[in-house]
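Participant: Have a look at the structure that comes next, please.
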Amino acid sequence: MPSSDDHDRYIEYLQRQLLTPDSEEIFNAKSWASWLQANSSRLRLHVPAFNADSDPVKHLERLATEFQPATPFDMHQTHDIFGPLLKNVQAAADKLGLRPVRPVQLVTSTDISATACAWPTTSGDHLLFVGL
């Protein structure tokens, strides 16, 4: 399998190919974290707490600021939303005795159209491009 840097550059290349013009900031994890921090008080006016001990805005801030993107377009939402779904699918397949040929890696899609092609099928991870 190619080095991690090559792997991440390849993913970033595919993400740039899918990117809708002028939408770079939408898929910028650092901009998203900065926006949350700057607008948390305004956001709290519209997002009620689930209970007295929870602050969903603080939770979102933590998710956004602790996330370490592999590429400029890697978003925590991709992993937080689709990661549990992928684990459930993998667990169900495992119960049926179905095993993937290669590991599956979730990657943020920067477009809503068809997914990009991934690494050749003979080696490496299967890149599963999913969008927000």
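Participant: With respect to Ser31, determine if the residue is modelled with pLDDT of 85 or more and within 16 Å of the chain's Cα centre (by Cα). Even if it seems obvious, please write down each step before you answer.
Facilitator: Working: modelled with pLDDT of 85 or more: yes; within 16 Å of the chain's Cα centre (by Cα): yes.
So Ser31 passes the test.
Participant: Looking at Leu43, Leu36, Leu63 in this structure, which one is part of a helix (DSSP H, G or I) and within 16 Å of the chain's Cα centre (by Cα)? Give the derivation first.
Facilitator: Numbers: Leu43 fails: within 16 Å of the chain's Cα centre (by Cα); Leu36 fails: within 16 Å of the chain's Cα centre (by Cα).
On inspection, the qualifying residue turns out to be Leu63.
Participant: Would you be able to say whether some residue in the range 60-74 is out of contact with any helix residue (DSSP H, G or I) (no Cβ under 7 Å at 6 or more places or on another chain), closer than 17 Å to Leu132 by Cα, open to solvent by less than 60 Å² (accessible area, probe 1.4 Å) and not small (Gly, Ala, Ser)?
Facilitator: First, pick out the residues of the range 60-74 that are out of contact with any helix residue (DSSP H, G or I) (no Cβ under 7 Å at 6 or more places or on another chain): 62, 66, 68.
From the residues that got through so far, the ones that are closer than 17 Å to Leu132 by Cα too are none.
No - not one qualifying residue is present in the range 60-74.
Participant: Look at Ala49 and say whether it is touching a Pro at 6+ places or on another chain (Cβ under 8 Å), loosely packed, with under 14 Cβ neighbours inside 10 Å and modelled with pLDDT under 90.
Facilitator: On the way: touching a Pro at 6+ places or on another chain (Cβ under 8 Å): yes; loosely packed, with under 14 Cβ neighbours inside 10 Å: yes; modelled with pLDDT under 90: yes.
Spelling it out, Ala49 is indeed touching a Pro at 6+ places or on another chain (Cβ under 8 Å), loosely packed, with under 14 Cβ neighbours inside 10 Å and modelled with pLDDT under 90.
Participant: Still on this structure, please answer the following. Here's a check for you: in the range 82-99, which residue that is within 30 Å of Pro21 (Cβ to Cβ) and without any contact (Cβ under 8 Å) to a residue 24 or more places away in the chain is surrounded by the fewest Cβ atoms within 10 Å (Cβ to Cβ)?
Facilitator: Here is the first cut: in the range 82-99, the residues within 30 Å of Pro21 (Cβ to Cβ) are 82-83, 85-86.
Among the residues that remain, those that are also without any contact (Cβ under 8 Å) to a residue 24 or more places away in the chain are: 83, 85.
Values: Gly83: 13, Leu85: 11.
That would be Leu85.
Participant: On to the next question. Condition first: without any contact (Cβ under 8 Å) to a residue 60 or more places away in the chain and over 10 Å from the mean Cα position of the chain (by Cα). Now tell me which residues in the range 68-77 satisfy that.
Facilitator: Once the filter is applied, which keeps residues that are without any contact (Cβ under 8 Å) to a residue 60 or more places away in the chain and over 10 Å from the mean Cα position of the chain (by Cα), the range 68-77 yields only Gln68.
The values are calculated or read from the model by the stated rules, or taken from the named source; none is laboratory data. Just so you know, these numbers come straight off a predicted model, no measurement behind them. Cβ sites come from the backbone with ideal geometry, for glycine too, and all protein chains shown count toward neighbours. What goes into the accessible areas is simple: the full protein's heavy atoms, side chains included, and nothing from ligands, DNA or RNA. Shrake-Rupley method; radii C 1.70, N 1.55, O 1.52, S 1.80 Å.
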